[in-house]
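Only one structure is covered here, and it is reproduced in the block below.
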Amino acid sequence: MRYTGERMADVKIIGISGPNGAGKDAVGLLLAQRHNYLFISVTDLLRQELRRRNLSPDRLHMRTLSKEWREQYGLSVLVDRAVESFEAVSNQYAGLVMSSLRNPYEADRVHELGGSVVWVDADPRVRYERLQNAKRQGREGDDDKTFEQFIAEEQIEMQSTGDKAALDMNSVKTRADRYISNDTTDMQVLEAEVEQVLGLGE
């Protein structure tokens, strides 16, 4: 089911995707704080497992673990785990917003559940600087790469390898119902953009 033209106030499940540094978590947190959605970062689920295995939560380890889980538990495992957590407390929230979808079967699962997929993006330089700032503030990961390395690694994650369990973010993008541009550093501007695009304004 697609939600291209109508308001999304009654959509219970929103999956957020987009390249690194686009501000996916910022959008999720806005929906949580302003519209009482439960926000779950599926990336955090992967980080927790990597810490349990004493592995650094860099992008290579994240890709490897997410592929392992999809092969072992099903292609929509990350979405299903987020939905399972939501169902336990669903009476307390208006809906579920989750980031970050990185496999087309995750987007398909959101649609199967009657939800909507939102693609968040920003200029590559803006995204790169955000990640560098986050690294300086203590964010876990490997965001201290050069801009050229950042772009090269992103291309790996965007393209299909033919492996259904691997990342293929271009295919997620083609499945998106809404698109949010987030080049700003002003949270009020982002909030206005989110509410306009998603039709959630009061």
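Every number in this text was worked out from the coordinates using simple rules, so none of it is lab data. Everything numeric here is computed off the predicted structure, so don't read it as measured data. All Cβ positions, glycine included, derive from the backbone under ideal geometry; neighbour counts span all protein chains shown.
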Subject >> For region 45-91 and region 140-183, distance of Cα centres in Å >> reply: 17 Å
Original post:
Under a GNM of the chain (C-alpha, springs under 10 Å), which listed residue has the highest mean-square fluctuation: LEU50, LEU96, LEU190?
Top reply: LEU50
Original post:
Considering the chain as a Gaussian network with a 10 Å cut-off on Cα pairs, which listed residue, VAL77, VAL189, VAL172, attains the greatest mean-square fluctuation?
Top reply: VAL189
Original post:
Out of region 92-172, which GluC sites (Glu not before Pro) are coil in DSSP terms and have no more than 15 other C-beta atoms within 10 Å?
Top reply: GLU140
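If each DSSP helix of 4+ residues adds -39,500 (n - 2.57) and the sum is divided by the residues in the chain, what number results at 222 nm, nearest 500 deg cm²/dmol? Walk me through the numbers before you get to the answer.
Working: 9 runs with 101 residues, N = 202.
About -15000 deg cm²/dmol.
In debye to the nearest 20, how big a dipole does region 79-202 give about its Cα centre with +1 on each Lys and Arg Cβ and -1 on each Asp and Glu Cβ?
On the way: 14 positive and 26 negative charges, 26 e Å.
Around 120 debye, computed over region 79-202.
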Original post:
Of PRO57, PRO19, PRO104, which has the largest mean-square fluctuation in a 10 Å C-alpha GNM of the chain?
Top reply: PRO57
**OP:** Would you mind listing how long region 38-119 runs along its three principal axes, going by Cα atoms, in whole Å with the largest first?
**Re:** 36, 25, 24
Subject >> Sites MET158 and ARG52 - FRET efficiency at Förster radius 22 Å, r taken between beta-carbons, to 0.05 >> reply: 0.20
**OP:** Under a cut-off of 18 Å between alpha-carbon atoms, report the lysines in cross-link reach of LYS164, not counting same-chain residues fewer than 8 places apart.
**Re:** LYS67, LYS173
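Calculate the tail of P(r) for the chain: the fraction of all Cα-Cα distances greater than 23 Å, expressed in %.
Details: 8385 of 20301 pairs.
Considering the chain, 41 percent of its Cα-Cα pairs are separated by more than 23 Å.
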**OP:** Could you run the Karplus curve 6.51 cos²θ - 1.76 cosθ + 1.60 with θ = phi - 60° over region 182-195 and give me ³J(HN,Hα) per residue in whole Hz, x for Gly and Pro?
**Re:** 9, 8, 7, 10, 9, 5, 5, 5, 4, 4, 5, 5, 4, 5
